[in-house]
Amino acid sequence: MTTRITMFAGLLAASTAMAGGAYAAEFDFKLHHFLGPKAPAQTQMLEPWAKQVEENSGGRVSIEIFPSMSLGGTPPELVQQARDGIVDLIWTVNGYTPGLFPRTEVFELPFIHTNDPKATDLAMDEMFEEELAEEYGGLEVMFLHVHAGHGLHMVDKPVHSPADLQGTKLRTPSRTGAWIIEALGASPAAMPVPELPQALSKKVVDGALIPWEIIPPLKLQEQTDYQIEGADKTRFGTLVFQVSMNKDRWDALPPEIQQAFRDASDAEWLGEVGDIWRAADEAGIKVATDAGNEHIVLTEEETAAFQEALEPVVGRWVEEVSAQGIDGNMLVEEARELIEKNASN
């Protein structure tokens with residue numbers, strides 16, 4: 001009689017769970033990030049990736065995404081939140097924590113990444129284990145990626161040469177972005193992305209170094225008249241992003257669950273990520289031109305003048321990391337070779 005009652009209770013619990021919609025996953029994860037829930041980064045990248053991990057695991061994994069820093073803290077704290085196990089997973093910008101990822105920073109330098117986010121993502125993946133992994137202590141990196149690259153957004157001044165930027169003030173996205181702005185004769189101004197529209201409208205800054213994909217959410221077409229990039233979509237540096245897990249949480253997972261994450265983060269996925277960010281960028285610049293903004297594409301000669309002006313930024317970075325015992329010249333050479341190889345493929 002007792003056995004029958006126990007079995008009945010178990011069946012009742014199971015039927016209740018099915019009526020509620022699903023069984024509880026065996027492994028629950030919280031993924032924390034700094035953009036809003038409708039940002040392409042979430043809807044087009046993080047959500048499909050999380051769904052693929054869940055499918056790969058046969059339903060044993062559940063990943064809940066928390067946008068807009070909704071679990072607390074500020075964007076520069078995301079890396080430490082993951083390292084401390086406050087959250088399981090993060091998506092963040094490496095540059096929000098300057099100095100923590102000096103080797104990976106090579107991919108942010110001007111004319112290392114030029115115009116192909118897919119090629120740069122694959123190059124980072126190839127270099128990761130041998131050259132980059134040691135600076136991600138306390139984390140298990142799922143994947144690294146870049147956006148399409150920094151273009152110039154100007155309030156009311158067209159730009160065709162570095163000389164056109166002399167004396168201007170530009171919003172910088174990162175430490176390397178500040179160096180790029182300084183090399184072009186302008187002054188960098190650091191500020192969170194949400195503050196940029198007001199800064200442009202009040203002429204606190206004359207422009208910004210930021211990709212096209214940010215135009216729609218910030219409505220930058222309303223505060224700027226010009227968007228400028230180099231020939232063949234050449235950009236002036238980029239940002240590296242990471243999706244990473246707390247290392248202790250990773251180490252505690254059974255191999256088949258780890259493989260579910262790895263299979264969702266493979267080279268094929270990195271190619272998709274590159275396409276996602278390129279498409280988001282194309283959509284962004286279309287919003288600007290449809291609003292009447294002028295999209296200035298520099299000639300080959302004008303682009304070469306920017307490359308000449310920005311080459312010292314690479315030398316500055318090499319000198320700085322060399323003082324930390326890092327072979328910066330080797331990283332620059334390898335990054336360029338792998339990006340070129342993956343672009344040709």
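Over the range 262-306, the ratio between the Cα radius of gyration and 2.2 N^0.38 Å evaluates to 1.70. Excluding ligands, DNA and RNA, the accessible surface per residue across the chain is 44 Å² with a 1.4 Å probe. Highest mean packing first, where packing is the average number of other Cβ atoms within 10 Å per residue, the peptides 187-195, 26-34, 332-340 line up as 26-34, 332-340, 187-195. Highest mean first, the peptides 249-257, 89-97 sorted by other C-beta atoms within 10 Å per residue fall in the order 89-97, 249-257. Rg and Dmax of the range 57-168, both derived from C-alpha coordinates alone, stand at 17.7, 58 Å.
Could you check which residue among THR104, THR172, THR289 shows the biggest mean-square fluctuation in a GNM of the chain with a 10 Å Cα cutoff? Answer for the Gaussian network model of the chain: THR289. Angle of helix 255-264 to the longest C-alpha principal axis of the chain, folded into 0 to 90 degrees and rounded to 10: 40°. Placing one equal scatterer on every Cα of the chain and applying the Debye formula, the log10 ratio I(q)/I(0) at q = 0.07, 0.10, 0.14 Å⁻¹ is -0.33, -0.62, -1.14.
Relative to the longest principal axis of the Cα atoms of the chain, the long axis of helix 328-344 lies at roughly 80 degrees. Put simply, the amide H of ILE63, placed in the peptide plane, has neighbours under 5 Å in PHE29, leaving out anything fewer than 5 places away on its chain. Size of the range 227-313 from its Cα atoms: along the principal axes, largest to smallest, the extents are 54, 36, 20 Å. Can you give me the angle between helix 47-56 and the longest principal axis of the chain, using Cα atoms only, in degrees from 0 to 90, rounded to the nearest 10? Helix 47-56 and the main axis of the chain meet at about 40 degrees. Within the accessible area of the chain, the carbon and sulfur atoms contribute 51%, probe 1.4 Å, all protein chains present.
Could you sort out which of LYS169/LYS219; LYS169/LYS341; LYS51/LYS341; LYS157/LYS219; LYS118/LYS157; LYS219/LYS247 sit more than 29 Å apart by Cα distance in this structure? Pairs exceeding 29 Å: LYS169/LYS341; LYS51/LYS341; LYS118/LYS157; LYS219/LYS247.
Overall shape of the range 122-212 was characterised from the C-alpha gyration tensor. The equivalent ellipsoid obtained from it has semi-axes of 31, 15, 12 Å, in decreasing order. Amide H to amide H distances under 5 Å link THR92 with GLN242, where only residues 5 or more positions off or on other chains count and H is placed in the peptide plane. Cα-based radius of gyration for the range 275-345, normalised by 2.2 N^0.38 Å, reads 1.55.
Looking at the range 74-139, none of the trypsin sites (Lys or Arg not before Pro) sits in a DSSP loop with at most 12 other Cβ atoms within 10 Å of its own Cβ. GNM remark for the chain: springs join alpha carbons under 10 Å apart, and the peak mean-square fluctuation among GLN324, GLN44, GLN259 falls on GLN324.
The values are calculated or read from the model by the stated rules, or taken from the named source; none is laboratory data. All values derive from a computational prediction rather than experimental measurement. Here Cβ is always computed from backbone atoms with ideal geometry, including for glycine, and neighbour counts include all displayed protein chains. When the accessible area is computed, the model is the full protein with side chains, heavy atoms only, and any ligands, DNA or RNA have been set aside. Shrake-Rupley method; radii C 1.70, N 1.55, O 1.52, S 1.80 Å.
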